[in-house]
């Protein structure tokens, strides 16, 4: 199995690293401590945090939600208030440099809210143009005339068919 996985990665020119029996693991933006069961935000050593500046030309709703979403994200990847407080320094600095007046605070209840959104019934209306006799559209008159010729109101009799097709 291991050799098959290696072949697939090599065929796509991808490198892989496998490390086993580790007690602390960094995954995406979280550090997991498997011995204590805690987790905290992780950032690569040379990573510089940049957020959209408050005075940029972006929709106001987006600008308003940036600091709050950062706060929610940090709260969700911090196992306790102490871990949160130890990790927020670079994030708070980046928020301040981006022109926001926002203080990061640990709020675990904010992540546990569920939306009670009711699904409203969609009111779909379709427009079908009138096919009645009163319509005076030139194209519609041609279509109606052609339809009457192809499909007469009464089925043709055998005598009519014989006279039409000798």
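In region 2-109, the ratio of gyration radius to Kirkwood radius, Rg to Rh, stands at 1.10 when only Cα atoms are counted.
Between residue 93 and residue 149, the simple label model (points 7 Å from Cα in the Cβ direction) yields a spacing of 8.4 nm.
What residues of region 37-56 lie in the reach of a label at residue 28, counting those whose backbone N is under 14 Å from a point 7 Å from the Cα along Cα→Cβ? Label zone hits: 40-43. On full extension, the segment bounded by residue 55 and residue 106 gains 15.7 nm, given 0.36 nm per residue less the C-alpha separation.
Expressed as a rounded percentage, what relative contact order does region 37-89 have, with Cα pairs under 8 Å and six or more residues apart? Intermediate values should be presented prior to the final figure.
Numbers: 23 pairs, mean separation 29.8, N = 53.
That works out to 56 percent.
What's the extension gain from residue 5 to residue 43 if we count 0.36 nm per residue and subtract their Cα-Cα distance? Write down the numbers at each step before the final one.
Values: separation 38, 0.36 × 38 = 13.68 nm, distance 2.86 nm.
Gain in length upon complete extension: 10.8 nm.
None of the figures in this text is laboratory data; all of them are computed from the coordinates on show. Treat the numbers as computed from the prediction; the structure is a model and nothing was measured. Note: ideal-geometry Cβ built from the backbone for every residue, glycine included; neighbour counts use all protein chains shown.
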